[in-house]
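Worksheet for the structure shown next.
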Amino acid sequence: MTGKPKKPFALEEKEGVKAPDSLSKSVAEKLKKSRKNRPDVSSIIEGILAGDKTALSRGITLVESRAPKHSESARKIIEACLPHRTDSIRIGITGVPGVGKSTFIESLGKTLTEKDHKVAVLAVDPSSTVSKGSILGDKTRMEDLVKDEDVFIRPSASGDSLGGVARKTRETIILCEAAGYDIIMIETVGVGQSETAVHSMTDFFLLLKLAGAGDELQGIKRGIVEMADAIVINKADGENVKAAKLAKTEFNRALHLYPPKDSGWVPKTLICSATENTGISEVWEMIESYLNTSKETDYFQKKRKGQNKYWLMQTIENELKSSFYNNPKVKQALATQLKRLDKEEITAFEAASIILSEGT
């Protein structure tokens, strides 16, 4: 008696398509042609100064690159853009994840473009400590704003820089200003010490908060309130309006505990709903009021000069760090000492001393 024919197993491995030994000549020619057609530095600079978004994106990519071969091109682009910067307003926006930063920025951005401003949004996405990757999803969250011709949105991976602020954000600001953007908004990750870094590169620092999230006192303890030029309670809509007004009162009381700012500005607390677009115009009016106050007292220029000095020191630190780790002797010493450290033949402090001596 013959048995029934065996049915194929659902997970049975099938023979796949054989991969070609090499790329076809036509594909290889296309790749070669695309490499040749890549714009040179002068074309990128020309495009940036003309306000071309593609050229601006390419310029920022070179500036953000850690590849040594791109550093000279990045330097030329930055130097060419410096004399052509617009008188921009730099706004730092921070808040815990879920506070609605992207929605708030989209609502504020649309309000500003209606007033004939050109807006650049530098959104810093957190990098995974495991995979080192980032979602870079701000363009998908700001669906309407990204379609606006007067808006440029650049999501950047935070990498391993302090507090999650992209390593080259300061230089990116210069390129955006040269491209004609007069409002630069920098959205931080909202964790760690990114607030401190963003505060050092912006004119106005705005802290977004949520009502009824139980973080009113936590915000005071963190010290972030001391840096803020304004606190905005977001999502003040529906049943949450009452809670938002109570939170506003609490934060106003907290702000009076801090010493007066050198600018002469008294920080304020406002409420808004980014989804319903209520209170957004009032936020912008408040920022304009701050700018008028800080310029009247000459604090605006004083702060900008202080930022330039800070940027200088940070750039020196970054260059020293890069130069150190790219030193062949340091690379070899680091690999050797890491192996010894794994075998517990040496302490971390002794290993560091040996590695540092190779870099001097």
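Couple of notes before you dig in:
- The residues listed here are Glu317, Glu344; of these, the one that is part of a helix (DSSP H, G or I), of a type in the set (Asp, Glu) and outside the structural domain of Phe204 (by TED's automatic domain parsing) is Glu317.
- Of residues in the range 234-275 being surrounded by 17 or more Cβ atoms within 10 Å (Cβ to Cβ) and either aromatic (Phe, Trp, Tyr) or touching a Cys at 6+ places or on another chain (Cβ under 7 Å) (or both), the one farthest from Gly95 (Cα to Cα): Trp265
- Filter pass, Lys321 being charged (D, E, K, R), farther than 30 Å from Ala230 by Cβ and either touching a residue at least 40 places away in the same chain (Cβ under 8 Å) or touching a helix residue (DSSP H, G or I) at 6+ places or on another chain (Cβ under 7 Å) (or both): no
- Qualifying residue in the range 337-350 (condition: surrounded by 12 or more Cβ atoms within 10 Å (Cβ to Cβ), over 30 Å from Met201 (Cβ atoms) and in contact with a Leu (Cβ under 7 Å, 6 or more places away or on another chain)): no
- Candidates Ser353, Ser294, Ser322, Ser281: the one that is surrounded by 11 or more Cβ atoms within 10 Å (Cβ to Cβ), assigned to a helix (DSSP H, G or I), of a type in the set (Gly, Ala, Ser) and modelled with pLDDT under 90 is Ser322.
Here is a yes/no grid of residues against (1) in the same structural domain as Ser107 (by TED's automatic domain parsing); (2) on the phi > 0 side of the Ramachandran plot:
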site: Thr269; (1), (2): yes, no
site: Ala274; (1), (2): yes, no
site: Asn277; (1), (2): yes, yes
site: Ile280; (1), (2): yes, no
site: Ser289; (1), (2): yes, no
site: Thr293; (1), (2): yes, no
site: Val330; (1), (2): no, no
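- Among the residues making up the range 308-360, those that are aromatic (Phe, Trp, Tyr) and closer than 20 Å to Arg66 by Cα are Trp311, Phe324, Tyr325.
- Condition met for Ile91 (part of a helix (DSSP H, G or I), modelled with pLDDT of 65 or more and crowded, with 17+ Cβ neighbours inside 10 Å): no
The values are calculated or read from the model by the stated rules, or taken from the named source; none is laboratory data. Owing to the predicted nature of the structure, the values given are computational and were not obtained by experimental measurement. Glycine gets a Cβ as well: all are built from the backbone with ideal geometry, and neighbour counts include every protein chain shown.
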